Amino acid sequence: MFTDGITEAMNESEELFGEERLLAALRSPAEKTPQEFIAGVLGDVREFDGGADLPEDIATVACRWRP
């Protein structure tokens, strides 16, 4: 789960991080822990926005489910 602060993060060109970049960030190996998974997504957002002050709050939740 995530808030729209992730998809609405902007870079210097005022482009949104968007859903396509988020989906690309979500395609990661399943063996990652939830903490590593979130850190990877947030790292991708920070790399995209160049470390700018984010105008919105960002919140994420990840969990591992094993049948």
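The values are calculated or read from the model by the stated rules, or taken from the named source; none is laboratory data. Keep in mind that what you see is a predicted model, and the values were worked out from it rather than measured. All accessible areas refer to the heavy atoms of the entire protein, side chains included, with ligands and DNA or RNA removed. Shrake-Rupley method; radii C 1.70, N 1.55, O 1.52, S 1.80 Å.
From zero up to wherever the largest Cα-Cα distance of the chain sits, split into 5 Å bins and tell me the percent of pairs in each.
Going out from 0 Å in 5 Å bins, the chain shows 3, 18, 29, 25, 14, 7, 3, 1, 0 percent.
Can you show me the helix-derived [θ] at 222 nm for the chain, built from DSSP H runs with n ≥ 4 at -39,500 (n - 2.57) apiece and divided by the number of residues, rounded to the nearest 500.
Taken over the chain, the calculation gives -12500 deg cm²/dmol.
Taking all protein chains as present, what is the carbon and sulfur share of the accessible area of the chain, in % to the nearest whole number, probe 1.4 Å?
After summing per-atom areas, the C and S share lands at 53 percent.
Tell me, what is the 1.4 Å probe accessible area of Val41, in Å² to the nearest 10?
Rounded to the nearest 10, the figure is 10 Å².
Working with all protein chains in place, sort Thr7, Thr33 by solvent-accessible area computed with a 1.4 Å probe, largest first.
Heavy-atom accessible area, descending, gives Thr33, Thr7.
To the nearest 10 degrees, how steep is helix 34-49 against the longest Cα principal axis of the chain, on a 0 to 90 scale?
The angle comes out near 20 degrees.
How long is the gain from Glu15 to Asp53 if the chain were fully straight, where each residue apart is worth 0.36 nm and the alpha carbon distance is subtracted?
Answer, rounded to one decimal: 12.2 nm.
At 0.36 nm per residue, minus the direct Cα-Cα distance, what do Asp4 and Ala24 gain on full extension? Give it in nm, one decimal, please.
5.6 nm
Just how much of Leu42 is accessible, in Å², when a 1.4 Å probe is used and the result is rounded to the nearest 10?
60
Tell me the per residue accessible area of the chain using a 1.4 Å probe; a whole number in Å² is fine.
75
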